Each structure stands twice: as structure tokens, then as C-alpha cells.
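The values are calculated or read from the model by the stated rules, or taken from the named source; none is laboratory data. As the structure is a computational prediction, the values presented were derived from the model and not from experiment. All Cβ positions, even for glycine, are placed from backbone atoms using ideal geometry, and neighbour counts span all protein chains on display. Just the protein is used for accessible areas: all its heavy atoms, side chains included, with ligands, DNA and RNA removed. Shrake-Rupley method; radii C 1.70, N 1.55, O 1.52, S 1.80 Å.
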Amino acid sequence: QVQLEESGGGRVLSGESLRLSCATSGSILSSGGTGWSRQSPGKPREMVAAFTVSNNPIYADSVKGRFTISRDNVGNTLYLKMNSLKPEDTAIYYCYTMQGSQLHWGQGTQVTVSS
């Protein structure tokens, strides 16, 4: 069973940075179809950053130039570096990975940005 565990969330001021981590056992995060989504209260979950099936990074327009997705060489930790954070980035951030036909989610980590 795939288990994903996010960490690194917290409360910061506008303009500050955070780095989120998503850890799992095994090298499953080296494959494409892996990324980060977020959900704010009253809003649908949205993709923030991901590696496509061809392993190219893609970003939501709202975070381009501020967020960077990466992973370790082993492929068992996924990262999201978030710079120049804004209050509208406040959300629960989830990592996910597609393994075969199954989509797996972590439990989420809260990011709160105050102005």
C-alpha cells in the first residue's frame, strides 16, 4: 500500500518561504504523474505543481516563478519550495502520485500566510 506523508507546513508572513516535503517508502516518486495540489476552504482542490508522465515539471499559473517542485535522486521524497508566499496561498497542501491506475494522496499539511 502506498503511503505518503507531507511535512513542512506552517504559519508565515506574506513574502516569506516554506519548503514542503512528501516522503514515502520505495522509489515511486521518481515516476511521472506525481505532484502537489492544494485546497482552500470552500474551493475545489487545485493542482499546484507536478511532474508529467514524461517527467516535465508543470505549474499552476498562480504559482509560476514562485514555487519549484523537485525530488531527491532516490525518488522517495518530493519537495515543493514556495517563495514569495501570499495570503491567497493559504491552503492545505497534498502530495499525490499515480501508480498504475490508482491515485494516492497524502493526508495534507496546512500552510497559512498572513499579510
Suppose we flag trypsin sites (Lys or Arg not before Pro) only when DSSP calls them loop and at most 15 other Cβ atoms lie within 10 Å. Which is the longest uninterrupted stretch of the chain? 67-115
Calculate what fraction, in whole %, of the accessible area of the chain sits on carbon and sulfur atoms when a 1.4 Å probe is rolled over the protein chains. 48
Per residue, the convex hull enclosing the alpha carbons of region 10-59 has a volume in Å³ of 119
Of all DSSP beta bridges having both residues in the chain, the percent classed as antiparallel (nearest 5) is 90
Kindly report the accessible area of the chain per residue (heavy atoms of protein chains, probe 1.4 Å, no ligands, DNA or RNA), in Å². 52
Given all pairs of distinct Cα atoms, the chain yields a Kirkwood Rh in Å of 14.0
